[in-house]
Amino acid sequence: MTFHASGGPTSEMNVTPMLDVLLVLLIIFMAVTIQVHRTIDANLPVPCLGECDGPPTIVLEVLPGPEYRVNQRAVAANQLFGYLLDVYRGRPEKIIQVAGYPNVRYADVITAMDIAKSAGVVAIGIAPKDALSR
């Protein structure tokens with residue numbers, strides 16, 4: 001409450017303390033936002049020109065149903081884990097490309113990725129559209 005020169009109280013509000021608090025909160029929120037920012041690390045493949053060395057890429061195709069194909073070979077859903085274990089047993093690079101068909105549920109693709117991770121796959125990539133054989 002403030003007083004006039006005449007000595008009586010006035011009904012005008014002093015907003016200076018509120019502005020100080022507002023500015024402090026703004027600075028706190030700006031600092032917290034910078035620290036909370038999260039990123040996703042992505043390893044992009046290096047294109048190979050000419051002859052490429054190394055084992056062929058493993059492509060896991062997720063079809064509606066869900067049905068699976070590993071490098072064009074049909075694999076039953078209940079045998080996918082064992083099949084991937086056999087494929088990756090002797091491979092030094094445990095990388096797989098996952099390709100989902102347009103009408104496949106998102107949950108089926110995630111389930112396939114989880115099965116691949118459980119089978120020892122270290123890196124999962126998303127196969128380009130032309131990798132799908134229709």
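A short reminder: the numbers here are calculations on the coordinates, not readings from a lab. What you are looking at is a predicted structure, and each value in this text was computed from that prediction instead of being measured. Neighbour counts are summed over all protein chains in view; Cβ atoms, including those assigned to glycine, are modelled from backbone coordinates with ideal geometry.
Here are a few things to note about the model shown:
- A Förster radius of 30 Å, combined with the Cβ-Cβ distance separating residue 21 from residue 42, puts the computed FRET efficiency at roughly 0.15.
- J(HN,Hα) series, region 81-97, from Karplus relation 6.51 cos²θ - 1.76 cosθ + 1.60, nearest Hz, glycine and proline x: 4, x, 5, 5, 4, 5, 5, 8, 4, x, 8, x, 9, 9, 10, 9, 10
- For residue 63, the residues whose amide H sits under 5 Å from its own are 68, 69, ignoring neighbours fewer than 5 places away on the same chain, with H placed 1.01 Å from N.
- Ordering of 113-122, 17-26 by burial proxy (mean other Cβ atoms within 10 Å per residue, highest first): 113-122, 17-26
- Residue exposure sequence - 89, 38, 69, 105 - by fewest surrounding Cβ within 10 Å: 38, 89, 105, 69
- Multiplying the residue separation of residue 79 and residue 11 by 0.36 nm and subtracting their alpha-carbon distance yields 16.6 nm.
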